[in-house]
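A.B. asks: Here it is, the structure, as structure tokens.
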Amino acid sequence: MYYKSLIETLKDEDTDNRIILNEQVTDANNCYIDITLVPKDITICPNCSSTNVIKYGKKDRVIKDDYLANRPTFITIHYNRFKCKDCLKLFNDTLPSLNPKQSISMTLKLNILEDLKLDCSFSNIAKKRNVSIQTVIDIFESYVNFDRIPFGEVLCMDEFKNLKHSQGKYAFVMFDPNHHTINDVLPDRIQANIDEYLYKINWHEKDKVKYVITDMSESYRTLIHHHFKNATHIIDCFHYLRYVEDALNNVRIRIQSSFKNNSKEYKILKRNWRILSTYYMDIEGDNFYNHIQMKNTSAEQIIIDATTVHPDIEEAYSLTQEFLRGVRNVKYENAETWLNSWIESILKSNSKEFVDLANMFKNWKMEIINSFIRFGDKRLHNGYLEGINNKIKVIKRIAYGYSNFSHFRNRIMYMINSDYVFKMVDRSKISRRKRNHK
Ligand SMILES: [Zn+2]
């Protein structure tokens, strides 16, 4: 959403007809408006509410406003200064939206703040709004400064590649998938630093966290054990699924490379890896080029032809499909039995690629089983983070040229927690935030 220009707002507010429009000039580049603000019949001192005030000279002010007639607009305001004879304070004549101390209208600032929610770089916004890059940065720093957001019942933890030249190679993100809110972003993923951060959060808040979703890093186990005493630890299902897919893929590559790369066997394995690693119920369409039969066939026929290339492929395919079926359909109550029997079957596999998964799946068995728990009508996973990671990539791209982690963090939280922020930049509640010079 965008805001009305200052001049329009002033006209709306001017119920007593105090604004006199002297001149409005539009040239090729800009729009210039010259107005006079006529004092009220009775002027009240804002300090002591006395009406015993006298005029104390005139003042002019040029305020840069947002676009009018598609041009950057400059408003010159002629207004009076007053002196209170009781408390001796000086003050300016004003309207609610008029701040004579500002050289940029609040409307322009609010619209720049709206731009900052989108995929625009500071320099693009500066160009678009005809202000300097420093002005955009100043506005961003003045109004957008996130405190951490308290945890909800569900907490996802993950990491992503940090900005170049930053403190840590990876940044650490905490996210509430229920409220689609980023709780916080830390500049590195060093366990001691995360630990210290979490120690500062009161136990009452941490004790309310019911589920924590992570990948299979041992450090998360320790953190959760220390800080989230009432939480169930869940391994993100996309994360462990990837290990199974990788095992299948590695078997495929091993078998495939035992064939010449112009052979039918090589081609059917190489070209159809996606069909092989997709849960068969999810395959869409039925017209795929079959390199064995040299014609279009159904996906089913491709699977038959590909898996008969080698018994290892056939076995790897059926282990993968059984895993995908289980993850999709097994209920939490039966998850342990199902997972135990799947682990038994990979231990008997001819492919080292699958046997090697057994230890990891045994080590994380409880946390994987926990991923079958339903929260409301949904399973809990980190999938929401994919969208966030995509946004972060965009932010990194538009952040080209600076490596200020505080900007980066605030921009991420600002662009993703947009609902939350909107309250903060509400016109009536707007207040200049303390500058952060870190
Ligand atoms: Zn006074």
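The values are calculated or read from the model by the stated rules, or taken from the named source; none is laboratory data. From a predicted model like this one, the values you see are computed outputs, not experimental measurements. Reconstructed Cβ throughout: ideal geometry from the backbone, glycine too, with neighbour counts over all protein chains shown.
A.B. asks: Please state which one of Ile125, Ile112 is part of a helix (DSSP H, G or I), in contact with a Lys or Arg (Cβ under 8 Å, 6 or more places away or on another chain) and without any contact (Cβ under 8 Å) to a residue 40 or more places away in the chain.
C.D. replies: Values: Ile125 fails: in contact with a Lys or Arg (Cβ under 8 Å, 6 or more places away or on another chain).
On inspection, the qualifying residue turns out to be Ile112.
A.B. asks: Regarding Tyr266, is this residue of a type in the set (Phe, Trp, Tyr), in contact with a helix residue (DSSP H, G or I) (Cβ under 7 Å, 6 or more places away or on another chain) and closer than 28 Å to Trp364 by Cα? Outline the logic, then answer.
C.D. replies: On the way: of a type in the set (Phe, Trp, Tyr): yes; in contact with a helix residue (DSSP H, G or I) (Cβ under 7 Å, 6 or more places away or on another chain): yes; closer than 28 Å to Trp364 by Cα: no.
Answer is no for this residue.
A.B. asks: I'd like the residue in the stretch 83-109 that is touching a Lys or Arg at 6+ places or on another chain (Cβ under 9 Å) and hydroxyl-bearing (Ser, Thr, Tyr) and, out of all such residues, is farthest from Phe408 (Cα to Cα).
C.D. replies: Step by step, filter the stretch 83-109, then rank; the result is Ser97.
A.B. asks: Right, here's the next one. So which residues in the stretch 174-224 are more than 22 Å from Tyr240 (Cα to Cα) and β-branched (Val, Ile, Thr)?
C.D. replies: Selection gives Thr181, Ile182, Val185, Ile190, Ile194, Ile201, Val209.
A.B. asks: Also, I was wondering about something else. State which residue pairs qualify: first residue within 23 Å of Thr15 (Cα to Cα) and in the same structural domain as Pro72 (by TED's automatic domain parsing) and inside the stretch 26-42, second residue surrounded by fewer than 16 Cβ atoms within 10 Å (Cβ to Cβ) and among the basic types (Lys, Arg) in any location, beta carbons under 9 Å apart, and separation of 6 or more residues or different chains.
C.D. replies: The qualifying pairs are Pro39/Lys55.
A.B. asks: Out of Thr320, Thr307, which single residue is among the hydroxyl-bearing types (Ser, Thr, Tyr), under 36 Å from the mean Cα position of the chain (by Cα), under 17 Å from Arg252 (Cβ atoms) and assigned by TED's automatic domain parsing to the domain that holds Asn249?
C.D. replies: Selected residue: Thr320, the only one of Thr320, Thr307 that is among the hydroxyl-bearing types (Ser, Thr, Tyr), under 36 Å from the mean Cα position of the chain (by Cα), under 17 Å from Arg252 (Cβ atoms) and assigned by TED's automatic domain parsing to the domain that holds Asn249.
A.B. asks: Right, another one. If you check Gln102, Gln134, which single one turns out to be farther than 25 Å from Ile416 by Cα and among the polar types (S, T, N, Q)?
C.D. replies: Gln102
A.B. asks: Condition (residue is aromatic (Phe, Trp, Tyr), farther than 30 Å from Ile213 by Cβ and surrounded by fewer than 19 Cβ atoms within 10 Å (Cβ to Cβ)) applied to the stretch 136-152: is it met by at least one residue?
C.D. replies: The answer is no, given that none of the residues of the stretch 136-152 is aromatic (Phe, Trp, Tyr), farther than 30 Å from Ile213 by Cβ and surrounded by fewer than 19 Cβ atoms within 10 Å (Cβ to Cβ).
A.B. asks: Of the conditions (1) more than 44 Å from the chain's Cα centre (by Cα); (2) modelled with pLDDT under 85, Met1 clears all except one; give me its number.
C.D. replies: (1)
A.B. asks: Scan Phe122, Phe140 and give me the residue that is aromatic (Phe, Trp, Tyr), under 24 Å from Lys391 (Cα atoms) and touching a helix residue (DSSP H, G or I) at 6+ places or on another chain (Cβ under 6 Å).
C.D. replies: Answer to the selection: Phe122.
A.B. asks: Okay, moving on. Kindly indicate whether any position in the stretch 113-128 is of a type in the set (Lys, Arg) and within 16 Å of the ligand (Cβ to nearest atom). Step through it out loud before you land on a result.
C.D. replies: Step one: filter the stretch 113-128 for residues of a type in the set (Lys, Arg), giving 117, 127-128.
Filter once more, so that each one left must be within 16 Å of the ligand (Cβ to nearest atom): none.
No, that holds for no residue.
A.B. asks: Check Asn410, Asn340, Asn359, Asn334 and return the single one that is at pLDDT 80 or above, within 24 Å of the chain's Cα centre (by Cα) and in a helix (DSSP H, G or I).
C.D. replies: Asn410
A.B. asks: From the list Ile137, Ile77, Ile112, which one is assigned by TED's automatic domain parsing to the domain that holds Asn29, at negative phi and not aromatic (Phe, Trp, Tyr)?
C.D. replies: Of the residues listed, the single one that is assigned by TED's automatic domain parsing to the domain that holds Asn29, at negative phi and not aromatic (Phe, Trp, Tyr) is Ile77.
A.B. asks: Could you tell me how many of the residues in the stretch 31-45 are surrounded by 14 or more Cβ atoms within 10 Å (Cβ to Cβ) and either of a type in the set (Lys, Arg) or within 16 Å of the ligand (Cβ to nearest atom) (or both)?
C.D. replies: 3
A.B. asks: Residue check: is Tyr402 at pLDDT below 85, more than 20 Å from Ile133 (Cβ to Cβ) and not aliphatic (A, V, I, L, M)? Explain how you work it out, then say what you get.
C.D. replies: Working: at pLDDT below 85: yes; more than 20 Å from Ile133 (Cβ to Cβ): no; not aliphatic (A, V, I, L, M): yes.
Here the answer is no, as Tyr402 does not meet what is asked.
A.B. asks: So which residues in the stretch 242-261 are more than 19 Å from Ile303 (Cβ to Cβ) and part of a helix (DSSP H, G or I), if there are any at all?
C.D. replies: At the first step, the residues of the stretch 242-261 found to be more than 19 Å from Ile303 (Cβ to Cβ) are 242-243, 246, 257-258, 260-261.
Listed by number, the residues that qualify are Arg242, Tyr243, Asp246.
A.B. asks: Could I ask something else about it? Kindly evaluate Ile255 against the criterion of being in contact (Cβ under 8 Å) with a residue 40 or more places away in the chain and under 15 Å from His310 (Cα atoms).
C.D. replies: So Ile255 passes the test.
A.B. asks: On to the next question. Please work out which residue is modelled with the lowest pLDDT, limiting yourself to the stretch 88-112 and to residues that are buried (at least 16 other Cβ atoms within 10 Å of the Cβ) and within 16 Å of the ligand (Cβ to nearest atom).
C.D. replies: Across the stretch 88-112, the extreme among qualifying residues is Asp93.
A.B. asks: So which residues in the stretch 53-78 are within 16 Å of the ligand (Cβ to nearest atom) and of a type in the set (Lys, Arg)?
C.D. replies: Of everything in the stretch 53-78, just one residue is within 16 Å of the ligand (Cβ to nearest atom) and of a type in the set (Lys, Arg), namely Lys55.
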